[in-house]
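The next block holds one structure in the form of structure tokens; read it before the comments.
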Amino acid sequence: MAEPVEFYEPRTIAEAVAVLASVPDACCLAGGQTLVAGMNMGPLFRPPALVSLQRIDELKGITQRPDGTVVVGAMVTHRTVAQSELFGGGLEVVREAAGCIAHPAIRTMGTIGGSICHADPAADYPAVLIATDATVVVTGPSGIREIPAAEFFVDFMTTSIEPDELVTAITFPPAPADAVSVYEKFTRASGDFATVSVALALSLRHGRCESVRIALGSCGPTPVRAAAAEQRLVQTSLDESDVQDAGRILCDAAAPMDDVRGTADYKLMLIPRLLGRTIQRAQERAVAWRVE
Amino acid sequence: MNAHDPIVGQAITFEVNGEPVSVRAHPVTRLSSLLRDELGLTGTKVGCDAGDCGACTVLLDGEPACACLVPAASAEGRSVRTVEGLANGRLSALQASFLEHGAAQCGICTPGLLVTATALLEKNARPSEDAVKDALGGVLCRCTGYRKIIAAVMEAWRHDGALDRRLPESGKAVGAAAVRLDGVPKVTGAEKFGADGFPENALSVLVVRSPHYKARFRLGDLDGFVQKRPGIVAVFTAADIPGKNCFGAIPSFADQPALAENSVRFRGEAVALIAGERTAIASLDLAKFPIEWSEEPHTLDPCEAAKEDAALLHDGRPGNVLTKGMVERGDPDAALKGAAHVVSGAIETAYVEHAYIEPEAGFAHMDGDTLVVSACTQAPHMDRDDTALVLGLPVEKVRIVPAATGGGFGSKIDVSLQPLIGLVALKTGRPAALAYTRQESMMSTTKRHPASMTAAIGADTDGKVLGMVFSGDFNTGAYASFGPTVANRVPVHASGPYLTPNYRAEGRAIHTNGPVSGAFRGFGVPQATIIQETLYDELAGKLGMDRLAFRLKNALTDGDETVTGQRLESVGILACLEALQPHWTRALAEAEAFNAAHESRKRGVGVASCWYGCGNTSIANPSTIKAGISRDGGAMLHQGAVDIGQGSNTVIAQIFADALGVPLAEIKLVGADTAITPDAGKTSASRQTFISGKAAEKAAKALREKILRFANVSPEAALAFEPGVVVVREDEAVRRIDLASLPADGEGYVFSAVETYDPPTLPLDEKGQGKPYAVYGWGAQVAELEVDMKLGTVKLIKITAAHDVGRAINPLLVEGQIEGGIAQGIGMALMEEYIPGRTENLHDYLIPTIGDVPPIESILVEVPDPEGPYGAKGLGEHVLIPTAPAILNAIRHATGVLVTKVPATPTRVLAAIREARP
């Protein structure tokens, strides 16, 4: 007979860290939208101990610092992010991605912390965190660590946090005032995981690209970013040939796999086409923003 | 409490539908289980336990959440609203709107849809279509095609909850769009599906299944396994089966063991049953089950399996060929040789999963020495016979009481869990309950046959079809199921509803170690129609003819002979195609205008037809209906044709009411239940309206005649029921028959009648010539869509469907069948591909969501059939058949390329475009 799952429900971050440090193989339970689905598959898929984070109020808010940095608690739900007015301009991509995670019932319960810790490359947040240059704030027995998103996602469903550490927040640095951002998600049907997704943050001045960050989802074990592709776009007017070149560079950096959502070849074909679409939407957004 | 101490079991306190509740449970017990198992609120359904189907959606503090993904601890202190909390003594406006729009068919997804839509409507009383689609995007429905759901939500504001059942007056039941008679429990959550009525003391049953496609196995110390585990009561294996360990939908081909003996032939095959207390089974670790596997080489590919040196799955089936079917007429080779234009091609299709939202579920118990099985099913009498055979019981000692069935589409014809739970109940004497997991349902039950087909069709210079040859191999998987039916039905139908004087069609069902292929809406005809209809487009192109005009020119008409030499009457295909003409002309003009203005997106229009013979092919296929007048004045209709959502409870009652000459409201439904309803056959092959409907018509007429003869009045007399009295009126004369004063039979009936109807068919000879069906239904559909030429994606714009149903007994239910069949056709055309071992869930295997079904315009054509009741023809299978070929033809119209492997995923569409324009 499988042992019942041990269950802990700490009220503070410190308590949670203490439990994680003292109970071997304990696993954090955030919104549960992936973890509980796994546990429902049978005792084999159940961790020996769960540390529920739902009673920890410190993990639940979205705040903005005076410098414009937006701090999102790990237990903030996708619905809350999708409805938050703190994500505009260069951070609109965060809100947009949150609003297309799975479907409404999942967005009620699912959390940003849970999603990024699962580190599924087909999920929506990982690429967004890379494109927005976000930082993951982690607390462990030895204190607080701030991990740049690029160092957080290390491999397929693998992050750089230690078993006794807890993700407490994600910080999104302020984007330039004229920045725009877009999340483009290609799916087989609404609510599906991405076949390929593109997260993009862009600054334009008089139609020329001042700065850009691009990250791809579902194109390898971790989100894909190619500095050379971004450099190819900076100080251009984002003409078709610029975008095509950047798309080619991104394709070279990507390593998609054949799966039920499409063949690797198809995903490679999608990358430049979705990039073009994403940039076009960003340009439209920039125009609309200026008009306002 | 110290945060360092684990919480083991605690009282979870929350609010359900406004009432505080407190339940002692482990904190990770899921909310769906708390609601269903602890609080008895079974209106919240479990379809996947993974957040993919939305059937378990409840409102958590007013927002939708999947109850299967909410741990009990996360519900603590919150408010939960379930479907049971929507009505509050009367139907909510939304519930009434659902019924009036026909938005609930089987009803299994209805609670999840209702609570989700309630949350939407409380914020936005008059939502747009897009708002409805966004809100309901996570709740899957497999029956309705979603269009009536969208309408019901958008128009809920018009209702005050007072339900208008639209019950027709006497003599006007046939043709009335009455609200389905069995509808109310579907919207209140009261309906009891397979998993909703488990007795408190039932043993839970867990099925040990093969993880391998082909393997031998050896069982270890089963007694020791049981003894070491408190709460586990017994393990049963093939050795425990008292009867013949072999079942199959077609008795002469039966070959599937209920529990495998020493070896397995497919992944998911049942090898053992573990019975125990519910909590013990729920926490059982199967990794310790004493079984040793030795895997053997297998094949999933029919080409490999059909090779001479391939290992045989079954003795006596050389080449792994289960069966062959053939129809030949005239001289097709000479006709093609002499034809001015000949086209040929090849098409492949995939395994398609039925994906009903209710996984197989039910319970069995002993009533004295009778085994009673209450489970979801499409075929109670077949279940009874197979279960009795496996368990070594006489058939009269097995009683099947069908639970409400949450979708079937063919797969719930075959037995699944019935003999398994029956065995546990028989051996232990305790009730035995089992609900398949989603993965278990997908792994172990039947699929649509993958087909590999070639064909050639020739026409003369005037555009008259001269001949056709067709050859199709159908991957029938590890066991027979309905493989023979597919191999036989396809050659009869592969010509399409077109005059084809010279013809040869061969179908083979070939065994592999894949999932068992069986019955699925259309029995192989949807696959065959893809190649025939796509070749018709090609032929029209060669002839320079309009594609619809080409079909009109070749459509069968009254007096024509089919490819089996059957001379037909009441052929409705021409009327269907003509009804589509204005839509076709408009759609072509719109596509042309759009394409002149756009480069990266192209629109296309496609058309395809169907015909489909109702009922079994050339073999007996009777239905029996019983009815009686009880002493209290009730007109009791023993209706054994299982209603799996399609509407037989309502349609057969409508036919019965008019034939008896009483208002529909007077009819009381009894059954289905093998102990009290005679055998009305299986719910399959679009046979219930036609065959059971005809039996109901005959039973009603016989009953009426008995009453009239007793009253000694003429056949024109009118009947009416009052408590305890039948009132017979003829002109001015009124006669009151006091039922209480008359003798009643054993069932309490003063008057009763039992009638059987078996459609007149003739056997097919060695060339497939004969009269395989007594009645055919006809239809044609136009698909309009847009292809993104850079991404290969297909966006459907509209589907227009014209179907000849002979007589629409209930037009609302007819539309429901059309829309639901089209949605399944869309899935088959564009997204559904079951890959064993890889898509055993509803997030890798996608079915159409509410966002994937475009507006559908249904045109009901009524060319009465002389054989069908009130002229009615079957419909359910027909409606799926034209959709996929119409879509593929529209993709080709838009892009210039035909996708030859179905489903036409973006990957395949884009690959075809790139191949054509490198």
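Points to keep in mind about this one:
- Failed item in (1) out of contact with any Pro (no Cβ under 7 Å at 6 or more places or on another chain); (2) within 10 Å of chain B (Cβ to nearest Cβ); (3) assigned to a loop (DSSP other than H, G, I, E, B); (4) closer than 30 Å to B:CYS48 by Cα, with A:GLY32 passing the rest: (1)
Here's the yes/no breakdown for (1) closer than 17 Å to B:VAL492 by Cβ; (2) in a strand (DSSP E or B):
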{"site": "B:PHE721", "(1), (2)": "no, yes"}
{"site": "B:PHE751", "(1), (2)": "no, yes"}
{"site": "B:ALA774", "(1), (2)": "yes, no"}
{"site": "B:GLY777", "(1), (2)": "yes, yes"}
{"site": "B:VAL782", "(1), (2)": "no, yes"}
{"site": "B:LEU791", "(1), (2)": "no, no"}
{"site": "B:LYS795", "(1), (2)": "no, yes"}
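- Every residue from region B:693-748 that is surrounded by fewer than 16 Cβ atoms within 10 Å (Cβ to Cβ), at pLDDT below 95 and among the acidic types (Asp, Glu): B:GLU716, B:GLU722, B:ASP731, B:GLU732, B:GLU747
- Meets criteria (open to solvent by 10 Å² or more (accessible area, probe 1.4 Å), at positive phi and hydroxyl-bearing (Ser, Thr, Tyr)) for B:SER618: yes
- Scope region A:2-28; condition crowded, with 16+ Cβ neighbours inside 10 Å, facing chain B (nearest Cβ under 7 Å) and not in a helix (DSSP H, G or I); matching residues: A:ALA2, A:PRO4, A:VAL5, A:GLU6, A:PHE7, A:TYR8, A:GLU9, A:PRO10
- Some residue of region B:226-240 being modelled with pLDDT of 95 or more and closer than 19 Å to B:PHE266 by Cβ: yes
- Members of region B:134-189 that are closer than 30 Å to B:PRO359 by Cβ, outside the structural domain of B:GLU122 (by TED's automatic domain parsing) and of a type in the set (A, V, I, L, M): B:VAL179, B:LEU181, B:VAL184, B:VAL187
- Some residue of region B:484-493 being surrounded by fewer than 24 Cβ atoms within 10 Å (Cβ to Cβ) and part of a helix (DSSP H, G or I): yes
- Candidates B:GLU348, B:GLU358, B:GLU292 - the one that is among the acidic types (Asp, Glu), within 20 Å of B:ARG209 (Cβ to Cβ) and under 30 Å from the mean Cα position of the chain (by Cα): B:GLU358
- Cβ separations smaller than 7 Å between residues 6+ apart or across chains give the following pairs from region A:158-173 residues that are under 19 Å from A:GLY31 (Cα atoms) to residues that are among the aromatic types (Phe, Trp, Tyr): A:THR159/A:PHE152; A:THR159/A:PHE153.
- Scanning region A:84-113 for residues that are among the small types (Gly, Ala, Ser), closer than 28 Å to A:ALA227 by Cα and within 12 Å of chain B (Cβ to nearest Cβ) returns a single hit, A:GLY99.
- Some residue of region B:102-122 being without any contact (Cβ under 8 Å) to a residue 24 or more places away in the chain, within 14 Å of chain A (Cβ to nearest Cβ) and surrounded by fewer than 24 Cβ atoms within 10 Å (Cβ to Cβ): no
- Candidate set: region B:217-243, residues that are part of a helix (DSSP H, G or I) and of a type in the set (A, V, I, L, M); chosen: the one nearest to the other protein chains (Cβ to nearest Cβ): B:VAL226
- Checking A:ILE56 against (1) under 16 Å from A:VAL138 (Cβ atoms); (2) surrounded by fewer than 22 Cβ atoms within 10 Å (Cβ to Cβ); (3) more than 8 Å from chain B (Cβ to nearest Cβ), the condition it does not meet: (2)
Here's the yes/no breakdown for (1) open to solvent by 50 Å² or more (accessible area, probe 1.4 Å); (2) in contact with a helix residue (DSSP H, G or I) (Cβ under 7 Å, 6 or more places away or on another chain):
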{"residue": "B:ILE357", "(1), (2)": "no, no"}
{"residue": "B:GLY368", "(1), (2)": "yes, no"}
{"residue": "B:VAL372", "(1), (2)": "no, no"}
{"residue": "B:ASP386", "(1), (2)": "no, yes"}
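- Flag if B:LEU41 is in contact (Cβ under 8 Å) with a residue 12 or more places away in the chain, assigned to a strand (DSSP E or B) and not assigned by TED's automatic domain parsing to the domain that holds B:PRO811: no
- Region A:241-269, subset within 15 Å of A:THR195 (Cβ to Cβ) and among the basic types (Lys, Arg), residue most open to solvent (accessible area, probe 1.4 Å): A:ARG261
- Meeting the requirement of 3 or more residues that are away from every other protein chain (no Cβ under 14 Å) and in contact with a helix residue (DSSP H, G or I) (Cβ under 9 Å, 6 or more places away or on another chain), the strands (runs of 3 or more DSSP E) wholly within region B:258-334 are B:270-276, B:321-329.
- Test: residue in region B:878-899 that is under 20 Å from B:MET828 (Cα atoms), part of a loop (DSSP other than H, G, I, E, B) and in contact with a Leu (Cβ under 9 Å, 6 or more places away or on another chain): yes
- Flag if A:PRO47 is open to solvent by less than 50 Å² (accessible area, probe 1.4 Å), more than 7 Å from chain B (Cβ to nearest Cβ) and at pLDDT below 95: yes
- Selection count where residues are β-branched (Val, Ile, Thr) and more than 14 Å from chain A (Cβ to nearest Cβ), scope region B:805-853: 5
- Members of region B:845-894 found to be more than 30 Å from B:ILE625 (Cβ to Cβ) and among the aromatic types (Phe, Trp, Tyr), listed by number: B:TYR845
- Selection status of B:SER481, within 30 Å of B:HIS212 (Cα to Cα) and assigned by TED's automatic domain parsing to the domain that holds B:VAL897: yes
- Qualifying residue in region B:833-854 (condition: touching a strand residue (DSSP E or B) at 6+ places or on another chain (Cβ under 8 Å) and in a helix (DSSP H, G or I)): no
- Criterion applied to B:ASP196, B:ASP130 was being farther than 30 Å from B:PRO864 by Cα and open to solvent by 40 Å² or more (accessible area, probe 1.4 Å), and the one residue passing it is B:ASP130.
- Note on region B:296-329: among residues that are among the small types (Gly, Ala, Ser) and in contact with a Gly (Cβ under 7 Å, 6 or more places away or on another chain), the one that is surrounded by the most Cβ atoms within 10 Å (Cβ to Cβ) is B:GLY325.
- Test result for A:PRO174, in a loop (DSSP other than H, G, I, E, B), open to solvent by 10 Å² or more (accessible area, probe 1.4 Å), out of contact with any strand residue (DSSP E or B) (no Cβ under 6 Å at 6 or more places or on another chain) and within 24 Å of A:ALA14 (Cα to Cα): no
- Those strands (runs of 3 or more DSSP E) lying entirely in region A:178-292 with at least 3 residues within 30 Å of B:PRO854 (Cβ to Cβ) and within 14 Å of another protein chain (Cβ to nearest Cβ): A:179-186, A:196-205
The values are calculated or read from the model by the stated rules, or taken from the named source; none is laboratory data. What you see is a predicted model, and the numbers here were worked out from it, not measured in a lab. Cβ sites come from the backbone with ideal geometry, for glycine too, and all protein chains shown count toward neighbours. In case anyone asks, the SASA skips ligands and DNA or RNA and just uses the protein heavy atoms, side chains included. Shrake-Rupley method; radii C 1.70, N 1.55, O 1.52, S 1.80 Å.
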